[in-house]
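Colleague: Below are the structure tokens for one structure; questions will follow.
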Amino acid sequence: MKKLIRMRYTKWFNISRDGLSRNNPIVISVLGICSALAITNRVDNALAMGAAVTFVIIGSSLIISMIRNFIPTRVRMITYMVVIAGLVIIVQFMLQAFFPDLYSALGAYVGLIITNCIVMGRSEAFAAKNPVKFTFFDGLANGIGYTYVLVLIAIVREILAFGTVLNYQILPDTFPTWQVMAIAPGGFFVLGLLIWVMRDLTKNYDEEATA
């Protein structure tokens, strides 16, 4: 009995570690790069996108895990897309209703969550093969792993581009802001450095990972 409990805790720990660091969806698997470059010029945008993607990953993974034994193989991808699209529509309506400024700032990237490889990847690689109790942790870990990378990138970019964090002034007005950090090339530069640091820390040098 103790061995069984230890094995379950070990699996939960490994699932969480994979999503947060060892197989982080952005810096290790190199997925979801478009949003990592496009909306991370401000921290509030990064937090909103991270929360939205986390909600969609967890929700879609749980639903697919619950119905995985009833999905015909031929239509499994279509089923995943329908589930994900429904959750993305909910996110869009919530943002439009309660956070219209954030919705405007994120623009088309909210709708493009449906094409985010992280969401589809977790549905196909994990949720379709594992029970709900493990799927929830996998979705949560990958959502948090995605979110904290976005936030780290956004903190660097917002400070250097605007001298602020969450619109609070951090640097003096005399600081020469780096306008390149407000656009996608600045995000690409910061992301590249973060990937290098994270892969060095996790000793993951897989050269076959693709976007």
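No lab work stands behind these numbers, since they all come straight from the coordinates. These numbers were taken from a predicted model, which means no experiment stands behind them. In this analysis, Cβ positions are derived from the backbone assuming ideal geometry, glycine residues included, and neighbour counts consider all displayed protein chains.
Colleague: First select every other residue whose beta carbon is under 14 angstrom from the beta carbon of residue 158; then total the charges, Lys and Arg +1, Asp and Glu -1.
Modeller: On the way: positive: 42, 157; negative: 44.
Spelling it out: positives minus negatives among the neighbours equals +1.
Colleague: Using only DSSP helix segments of four residues or longer, with each worth -39500 (n - 2.57), what per-residue ellipticity at 222 nm results for the chain after dividing by its residue count and rounding to 500? Walk me through the intermediate numbers first.
Modeller: On the way: 8 runs with 133 residues, N = 211.
Value at 222 nm, helices only: -21000 deg cm²/dmol.
Colleague: Let me ask you something else. Mind checking the full-extension length gain between residue 66 and residue 14? Use 0.36 nm per residue of separation minus the Cα-Cα distance, one decimal, nm. Show your work: numbers first, answer last.
Modeller: On the way: separation 52, 0.36 × 52 = 18.72 nm, distance 2.17 nm.
So the chain would gain 16.6 nm between residue 66 and residue 14.
Colleague: Moving on. Can you give me the span-like helices of the chain, meaning DSSP H runs with 24 Å or more of Cα extent along the axis and Kyte-Doolittle mean at or above -0.5?
Modeller: Values: long enough: 43-67 (36 Å, 1.82); 76-98 (33 Å, 1.89); 132-162 (43 Å, 1.37); 184-202 (26 Å, 1.32).
Going by DSSP H runs, the hits are 43-67, 76-98, 132-162, 184-202.
Colleague: Compute the distance in nm between two label points, each set 7 Å from the Cα along the Cα-to-Cβ direction, one at residue 90 and one at residue 201.
Modeller: 3.2
Colleague: How high is the FRET efficiency from residue 166 to residue 101, r the C-beta distance, R0 22 Å, rounded to 0.05?
Modeller: 0.95
Colleague: Sum up the lysine pairs in the chain that clear both bars: alpha-carbon distance under 17 Å and a spacing of 8 or more or different chains. Walk me through the numbers before you get to the answer.
Modeller: Working: 2/11; 3/11; 11/129; 11/133.
Counting lysine pairs in the chain gives 4.
Colleague: Using alpha carbon centroids, what distance separates the range 56-96 and the range 117-132, in Å?
Modeller: That distance is 10 Å.
Colleague: Compute the relative contact order of the chain as a whole-number percentage, counting only Cα pairs closer than 8 Å that sit 6 or more residues apart in sequence.
Modeller: Working: 282 pairs, mean separation 78.2, N = 211.
Computed value for the chain: 37 percent relative contact order.
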